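Below is one structure, written out as structure tokens, with a few remarks after it.
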Amino acid sequence: ANALGISLRTIAAWEAKKSLFKNEDFEDTITRTLVAWIKNRIRGNSTIAWGVNSQPEILEEGVDGIGRIIGRCDLTISVASVEYIYECKRLWPEGQSELFTESARLYITTGLYRFLYPSDKQLTSEPQYPSWLKFAGMIGYIMDGREAEAFAAIQFAIDKHEPAQCLESSCLPTCPAEGARHFYSTHRSCAQKAVHAHHILLPLSSSSPPQ
């Protein structure tokens with residue numbers, strides 16, 4: 001239920017302002033702006049304690065018991081004292097065929113992998129991002145707005161690079177944004193723990209690929 005609530009609020013914020021983005025915008029710019037819009041929408045409008053932050057630091061507890069910063073995630077959304085980490089990636093078409101093959105691969109190998117495997121900066125063998133409640137959040141910005149093609153490319157990339165134990169696809173029945181979609185996939189981390197990934201795909205209004 002919380003994942004659905006996050007989806008609806010995130011997509012509602014996106015739909016209200018997405019036409020302001022340009023296809024050359026970097027994902028950090030898009031994410032910081034999206035976070036500001038979500039804050040405006042949830043401020044004073046919810047009976048649940050919500051919080052959202054852009055690029056918070058990720059702390060790893062070392063083998064000596066002393067924590068150290070190993071990087072930043074893209075955004076966190078807190079609901080009723082539970083913090084959900086989301087990694088955000090741009091999805092853009094490549095080449096004359098205008099497929100999303102490469103960006104979908106990076107969505108998995110430089111995005112989802114952070115919830116499943118350690119980085120080369122870590123002292124421990126645990127995944128780079130802690131997954132509270134076995135949760136991994138992924139947001140994809142579809143830079144040319146073609147949701148169906150981007151969604152298919154991500155499914156293909158999951159099958160090729162990180163086969164899911166379970167893949168559940170669903171369009172949001174009450175989604176206010178045309179083409180927006182969320183879905184779930186379940187994976188196994190390097191620690192042999194199940195990780196449930198929640199994916200949100202957000203299309204830009206633009207129809208031309210980034211330069």
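The values are calculated or read from the model by the stated rules, or taken from the named source; none is laboratory data. These numbers come from a predicted model, not from an experiment. As a convention, Cβ positions derive from the backbone with ideal geometry for all residues, glycine included, and neighbour counts pool all protein chains shown. Note: areas computed on protein heavy atoms with side chains; ligands, DNA, RNA excluded. Shrake-Rupley method; radii C 1.70, N 1.55, O 1.52, S 1.80 Å.
Brief remarks follow.
- Rolling a 1.4 Å probe over the protein heavy atoms leaves residue 196 with an accessible area of roughly 80 Å².
- 17 Å tail of the calculated P(r), the range 76-166, as % of Cα pairs: 54 percent
- Couplings for the range 6-22, taken from phi via the Karplus curve 6.51 cos²θ - 1.76 cosθ + 1.60 with θ = phi - 60°, read 4, 4, 5, 5, 5, 5, 5, 5, 5, 4, 5, 10, 4, 5, 7, 6, 10 Hz in order; Gly and Pro are left as x.
- Under the simplified labelling scheme, the residue 36-residue 194 pair shows an inter-label distance of 4.1 nm, with each label point 7 Å from Cα along Cα→Cβ.
- Residue pairs, from the table 22/89; 17/39; 89/134, whose Cα atoms sit over 19 Å apart: 89/134
- Area of residue 33 that stays accessible when all protein chains are in place (1.4 Å probe, Å², to 10): 40 Å²
- Theoretical gain in end-to-end length, residue 96 to residue 57 [0.36 nm per residue, Cα-Cα removed]: 10.2 nm
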